[in-house]
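Everything below concerns the one structure shown next.
The values are calculated or read from the model by the stated rules, or taken from the named source; none is laboratory data. Quick caveat: nothing in here was measured; it's all calculated off a predicted structure. Please note: Cβ atoms are built from the backbone with ideal geometry, for glycine as well, and neighbour counts cover all protein chains shown.
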Amino acid sequence: MSLLTDSIFIKALKGSAAISKAVSKRIYGTAIPLPDAQAENVELPYIIVSFEGSQPVPDSKDGDMEGYEMQNTVGVLLVAATLPALHTLMEAVRSVIADSMRKVDPESPVLDNYPVDYDCSVSSIQYDPDKPAYFVKFTYVCTVNNNY
């Protein structure tokens, strides 16, 4: 099964010139790998991509084993200093992810780890006065082949 879905998102974001221009190298997997005091002062904007779990998609209601597909959840947290900067980053990230998923040939055996389908939801925009920064989270529920 593909439990590497978050790495596909990280690769797509790091491969985008627009995202690189906006966040430089500040795209992190799961967390910012620094002590808390330093992590709280990481330069803005930045992106954190995290694997948030997986569950099998049963083939039928009577099936007693894992199905042929899994649903993996990937979170993409965007943090920026201003609301306009966050809006710009939101549009860029959404576009890059959608484009990267469309360019994949679903018949290619090499690309078995790519989602065959996905849904995206977006949290409300929030503000953290302690940082200070605006942030929003994209949640992608990706259907992937269950290759185990």
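Mind checking whether some residue in segment 61-71 is part of a strand (DSSP E or B), under 20 Å from ARG94 (Cα atoms) and at pLDDT 95 or above?
no
Which residue is modelled with the lowest pLDDT, if the candidates are limited to segment 93-148 and must be assigned to a helix (DSSP H, G or I) and under 13 Å from the mean Cα position of the chain (by Cα)?
So, considering only residues that are assigned to a helix (DSSP H, G or I) and under 13 Å from the mean Cα position of the chain (by Cα), the one modelled with the lowest pLDDT is MET101.
Go through segment 33-48 residue by residue and tally those that are without any contact (Cβ under 8 Å) to a residue 40 or more places away in the chain and surrounded by 15 or more Cβ atoms within 10 Å (Cβ to Cβ).
3
Restricting attention to segment 33-55, and to residues there that are closer than 15 Å to PHE135 by Cβ and outside any loop (DSSP other than H, G, I, E, B), which single residue is nearest to the chain's Cα centre (by Cα)?
The first filter runs over segment 33-55 and keeps only residues closer than 15 Å to PHE135 by Cβ, leaving 39-40, 42-50.
Within this subset, residues satisfying the condition of being outside any loop (DSSP other than H, G, I, E, B) are 39, 46-50.
Details: ALA39: 20, TYR46: 13, ILE47: 9, ILE48: 8, VAL49: 5, SER50: 6 Å.
Going through the qualifying residues, I end up with VAL49.
So in segment 11-58, with the set limited to residues that are of a type in the set (Val, Ile, Thr) and either in contact with a Pro (Cβ under 6 Å, 6 or more places away or on another chain) or at pLDDT 95 or above (or both), which one is nearest to THR88 (Cα to Cα)?
Restricting to residues being of a type in the set (Val, Ile, Thr) and either in contact with a Pro (Cβ under 6 Å, 6 or more places away or on another chain) or at pLDDT 95 or above (or both), the top hit is ILE19.
Search segment 117-136 for residues that are touching a residue at least 12 places away in the same chain (Cβ under 8 Å) and on the phi < 0 side of the Ramachandran plot and pair each with any residue that is of a type in the set (Phe, Trp, Tyr) and surrounded by fewer than 14 Cβ atoms within 10 Å (Cβ to Cβ) when their beta-carbon atoms are under 7 Å apart and the residues are at least 6 apart or on different chains.
TYR134/TYR127
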